[in-house]
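Asks: I am attaching a structure below and will ask some questions about it afterwards.
The values are calculated or read from the model by the stated rules, or taken from the named source; none is laboratory data. In this text the structure is predicted, and so the values were computed from the model without any measurement. Here Cβ is always computed from backbone atoms with ideal geometry, including for glycine, and neighbour counts include all displayed protein chains.
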């Protein structure tokens, strides 16, 4: 089904894989009649050509990328624009689309959500952007329909910014990276490695894009095979997939922790652009005669079977057939894994879902940028046609990804066919993907064609003793399960016909509802602020020395951004930095906020010109051994704050608030064995936080310990990577060492200034 090649490989003539070994040169010459160096072959990938055309540095090893377009949604665009405004923003220098698909439900927090929407509309007018009102389209579907271009690059403030199937290299990053683009700065990265995804065969009936995606995620996530790399989809199997199918696989590449994705394009994609009235935006993309990849994933599409990702991660994958054949064993293993994720905070069980040897499901959801596509919903309608979900506890909700998709489902009868079964069709909304819609009952089991199944992504709250769980599946198998009244069923068991429906895109609704400035700014427009929209608090520069208290210690194998700052109803506070910060780590470590605030008062007192000992006399016990070894240290040259330790933080969402909430509570650093994603590490840096690394093994410190880091400012300035630090405890100082990893000159300046706002402030 999925095979990973050890080491690199050459792809010759688009069809022949030649492993990178001593025989490679001869094999390539035999096939092409030419000799090619590895360096030359690296330049023959699709990814290299697109990156080269967007690089402004003149050095393909150290990229400085300018994107063609930007896109954000209503959880992120307020903070981004507020940050850019504080740095002197006058006009959006490129097309910037503000969609409203996350906080679409204007119910939580009073007027908060709609206030944010009006902020977005008035900013689109003032600075020359595009505003997509709530319920019109989820962010990524609008981008596919209206923004993607062959050979282009798009930067989005959502981790699932992936339009590679359409020939667009898209990257999901934290908001500060979009701020840089708005201020005519660049996205600075080393040239990423490129991994080929070589597709052969064609999917069997009943297998959909989520099945292929989960099979790949299950094979590559844990071993980091594509981490921070570009996934390039090639091979003869690509031609067997429709545009919608490719899009459904592509959007899920985010869950592999890759940097971006790109696909070869063909007449299928050309037709997609033609259907959407943008044929001129199509560009044929393919690898050159001999291309080199730093890894190769081989996928035989004909062998993929309906998949399920069990709670609580998209990589926790099985075939549905395998799960049903080993039901109690796999459920028992899932329950044990869950207790690690949940820290044993609540009782969690799945084995009681087994009735008469069958796994019973409580809820089905087909939604969002992954599941809400036209073909997925049409296939679900065909599978369920003439059946019904029953009047028991099982429910099914379907969210088309955009109003144009919804309109076509109404016109072709698929919407009616679904509604006749008892399913509910809802508007374009991302809520089910992040815990703000369709929250099931306590300990219920939900199957979803959506993007993630982390804890609380279905809306439950551990701190209230609530837990429900999500398994990821394809729309086809969700429909088969619904047709079977909640008995887990793979779509390959469906013996009827799944039709092919012609899609007709009607852009009229966008023309009637979407505000498009056409790039013309109106500086006289007054921005509409709501009472919850707050400016970022003042943040100081990095001091000469730091005294940090460890206020949370997390030993989970991976810590997600959902655990660092919860999604769901907290999203309503994303435009209020201090208000949102109250939720930091609330579902993982409820004591964090109080501890961070307690040490932060020392820094607040110091910045006012006072003495930290005046607000916390016991800090003398920490400072005395420090002063004995470093007599020059005092409260004028030493900052006070907090840090957390996590084994591997930052998997999942691109949300900058996972870092900024720590910062506004006085966080100066994270300490980790490694960072799960580039985007989380970038968020730390852009908020002036030190992304420390520490070797694996027993930690030299523990929760609530104090750490002293002398001459940290000098270390950042002088590019020292070996950082001397001390644990200060019981009147003694124990030395240990940290690293910062590679930092660009600009990133160092951002850290020294205290944050990106300070770096850019005019």
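Asks: Can you tell me which residues in the range 603-616 are in contact (Cβ under 8 Å) with a residue 40 or more places away in the chain and crowded, with 19+ Cβ neighbours inside 10 Å?
Replies: Hit for the range 603-616 is 603, nothing else.
Asks: With the requirement that a residue be surrounded by fewer than 18 Cβ atoms within 10 Å (Cβ to Cβ), within 26 Å of residue 80 (Cα to Cα) and touching a residue at least 60 places away in the same chain (Cβ under 8 Å), what does the range 708-762 give you?
Replies: Those that are surrounded by fewer than 18 Cβ atoms within 10 Å (Cβ to Cβ), within 26 Å of residue 80 (Cα to Cα) and touching a residue at least 60 places away in the same chain (Cβ under 8 Å): 742, 744, 746, 752, 761, 762.
Asks: Next question. So, in the range 436-446, exactly how many residues are buried (at least 24 other Cβ atoms within 10 Å of the Cβ) and more than 18 Å from residue 348 (Cα to Cα)?
Replies: Final tally of qualifying residues: 1.
Asks: Which of (1) buried (at least 18 other Cβ atoms within 10 Å of the Cβ); (2) over 18 Å from residue 583 (Cα atoms); (3) at pLDDT below 95 does residue 699 not meet, given it meets every other one?
Replies: Here residue 699 meets the rest and fails (3).
Residue-by-condition table, conditions (1) surrounded by fewer than 23 Cβ atoms within 10 Å (Cβ to Cβ); (2) assigned by TED's automatic domain parsing to the domain that holds residue 594; (3) at pLDDT 95 or above:
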site	(1), (2), (3)
621	yes, yes, no
625	yes, yes, yes
634	yes, yes, no
670	no, yes, yes
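Asks: Please work out which one of (1) in contact with a helix residue (DSSP H, G or I) (Cβ under 9 Å, 6 or more places away or on another chain); (2) at pLDDT below 95; (3) within 28 Å of residue 323 (Cα to Cα); (4) surrounded by 14 or more Cβ atoms within 10 Å (Cβ to Cβ) is the condition residue 507 fails and give its number.
Replies: Condition (3) is where residue 507 drops out.
Asks: Within the range 17-36, how many residues turn out to be surrounded by fewer than 15 Cβ atoms within 10 Å (Cβ to Cβ) and in contact with a helix residue (DSSP H, G or I) (Cβ under 6 Å, 6 or more places away or on another chain)?
Replies: Going through the range 17-36 one residue at a time, the tally reaches 1.
Asks: Does residue 666 satisfy the criteria of being surrounded by 23 or more Cβ atoms within 10 Å (Cβ to Cβ), more than 19 Å from residue 563 (Cα to Cα) and in contact with a strand residue (DSSP E or B) (Cβ under 9 Å, 6 or more places away or on another chain)?
Replies: When the stated conditions are applied, residue 666 does not pass them.
Asks: Go through the range 127-151 residue by residue and tally those that are crowded, with 20+ Cβ neighbours inside 10 Å and farther than 23 Å from residue 451 by Cβ.
Replies: Count: 6.
So that you can scan it fast, the table gives a plain yes or no per residue for (1) part of a loop (DSSP other than H, G, I, E, B); (2) on the phi < 0 side of the Ramachandran plot; (3) in contact (Cβ under 8 Å) with a residue 24 or more places away in the chain:
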site	(1), (2), (3)
4	no, yes, yes
34	yes, yes, yes
41	no, yes, yes
44	yes, yes, yes
51	no, yes, yes
60	yes, yes, yes
78	no, yes, yes
88	yes, no, yes
91	yes, yes, yes
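Asks: Across the range 363-398, what is the total count of residues that are within 18 Å of residue 458 (Cα to Cα) and touching a helix residue (DSSP H, G or I) at 6+ places or on another chain (Cβ under 8 Å)?
Replies: Of the residues in that region, 13 qualify.
Asks: List the helices (runs of 4 or more DSSP H) that sit entirely inside the range 401-485 and contain at least 1 residues that are in the same structural domain as residue 574 (by TED's automatic domain parsing) and in contact with a helix residue (DSSP H, G or I) (Cβ under 9 Å, 6 or more places away or on another chain).
Replies: In the range 401-485, there are no helices (runs of 4 or more DSSP H) which contain 1 or more residues that are in the same structural domain as residue 574 (by TED's automatic domain parsing) and in contact with a helix residue (DSSP H, G or I) (Cβ under 9 Å, 6 or more places away or on another chain).
Asks: Taking residue 381, is it within 28 Å of residue 272 (Cβ to Cβ) and buried (at least 18 other Cβ atoms within 10 Å of the Cβ)?
Replies: yes
Asks: Quick check on my filter: what residues within the range 547-583 are touching a helix residue (DSSP H, G or I) at 6+ places or on another chain (Cβ under 7 Å), surrounded by fewer than 23 Cβ atoms within 10 Å (Cβ to Cβ) and under 20 Å from residue 314 (Cβ atoms)?
Replies: 556, 568
Asks: Please tell me if residue 359 is in contact with a strand residue (DSSP E or B) (Cβ under 8 Å, 6 or more places away or on another chain), over 21 Å from residue 246 (Cβ atoms) and not in a helix (DSSP H, G or I).
Replies: Answer is yes for this residue.
Asks: When the range 183-207 is examined, which residues are found to be assigned to a loop (DSSP other than H, G, I, E, B) and touching a strand residue (DSSP E or B) at 6+ places or on another chain (Cβ under 8 Å)?
Replies: Once the filter is applied, which keeps residues that are assigned to a loop (DSSP other than H, G, I, E, B) and touching a strand residue (DSSP E or B) at 6+ places or on another chain (Cβ under 8 Å), the range 183-207 yields 186, 191, 192, 193, 201.
Asks: If residue 490 satisfies all but one of (1) at pLDDT 95 or above; (2) closer than 30 Å to residue 117 by Cα; (3) assigned by TED's automatic domain parsing to the domain that holds residue 374, what's the number of the condition it fails?
Replies: (2)
Asks: Let me ask something else. Restricting to the range 93-126, name every residue that is crowded, with 24+ Cβ neighbours inside 10 Å and either free of Cβ contacts under 8 Å to residues at least 12 places away in the same chain or more than 24 Å from the chain's Cα centre (by Cα) (or both).
Replies: Listed by number, the residues that qualify are 123, 124.
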